[in-house]
Amino acid sequence: AKAYVQERLELDHSLTSMAEYAGVSPAYFSRLFNKHTGHNFIQHITELKVERSKELLLHTDNMISEIAAQVGYNERTFRRVFKKMTGYSPANFRNQQ
């Protein structure tokens, strides 16, 4: 499941869809994921998306809206999530690095 998500980060990955992909119930998938990673599935997805967006912010000249789409967020949600996770807006992160 972790590899599947990493390769398809731009898609909308819900707990239910990943449980279906794995062939188990959402509750069981959630317990297994937490047991093997130490954090919940949604937290994992968010961390992957923020890390990938940091790479894109630092190594491309793409607009923030383009980066948001590349990691599967609309621009407004991306800005909110990025700031919550890093303490910086995407533009400030790019400028400070």
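From Cα pairs below 8 angstrom and at least 6 apart in sequence, can you work out the relative contact order of the chain, rounded to a whole percent?
The value is 24 percent.
Contour minus end-to-end for residue 92 and residue 55, with contour as 0.36 nm per residue of separation and end-to-end as the Cα-Cα distance?
Length gained, residue 92 through residue 55: 11.9 nm.
Please compute, for the alpha-carbon atoms of segment 45-97, the extent along each of the three principal axes and give them in descending order in Å.
Principal axes ranked by extent give 23, 21, 18 Å for the Cα atoms.
Assuming R0 = 25 Å, can you tell me the calculated FRET efficiency for the pair residue 77 and residue 40, based on Cβ-Cβ distance, to the nearest 0.05?
It comes to 0.85.
About the Cα centre of the chain, what is the dipole size in debye to 20, counting +1 per Lys and Arg Cβ and -1 per Asp and Glu Cβ, all else neutral?
Charge dipole of the chain: 400 debye, to the nearest 20.
Go ahead and estimate [θ] at 222 nm for the chain from helices alone: -39,500 (n - 2.57) per DSSP H run with n ≥ 4, summed, over the residue count, rounded to 500.
Using -39500 (n - 2.57) per qualifying helix, the result is -21500 deg cm²/dmol.
List the trypsin sites (Lys or Arg not before Pro) within segment 1-79 that fall in a DSSP loop (any state other than H, G, I, E or B) and whose Cβ has at most 11 other Cβ atoms within 10 Å.
Qualifying residues, ordered by number: 8.
Straight-line reach from residue 2: which aspartates and glutamates fall under 18 Å, measuring Cα to Cα and dropping same-chain residues less than 8 apart?
Once the sequence-local aspartates and glutamates are set aside, what remains near residue 2 is 10, 12, 20, 47, 51.
Give the cross-link partners of residue 84 among the lysines, using a straight C-alpha distance below 22 Å as the criterion and excluding same-chain residues fewer than 8 apart.
Within reach: 49, 54.
List every residue whose amide H lies under 5 Å from the amide H of residue 72, counting only residues 5 or more places away in sequence or on a different chain, with H placed 1.01 Å from N in the peptide plane.
Amide H to amide H, under 5 Å and 5 or more residues apart or across chains, residue 72 pairs with nothing.
Taking the radius of gyration and the Kirkwood hydrodynamic radius from Cα positions alone, what is the Rg/Rh ratio for the chain, to two decimal places?
Rg/Rh: 1.02.
How many angstrom lie between the Cα centre of segment 39-97 and the Cα centre of segment 1-31?
One Cα centre to the other: 21 Å.
Since every read-out is calculated from the coordinates, none of them should be taken as a lab result. Quick caveat, the model's predicted, so the values are computed rather than measured. All Cβ positions, glycine included, derive from the backbone under ideal geometry; neighbour counts span all protein chains shown.
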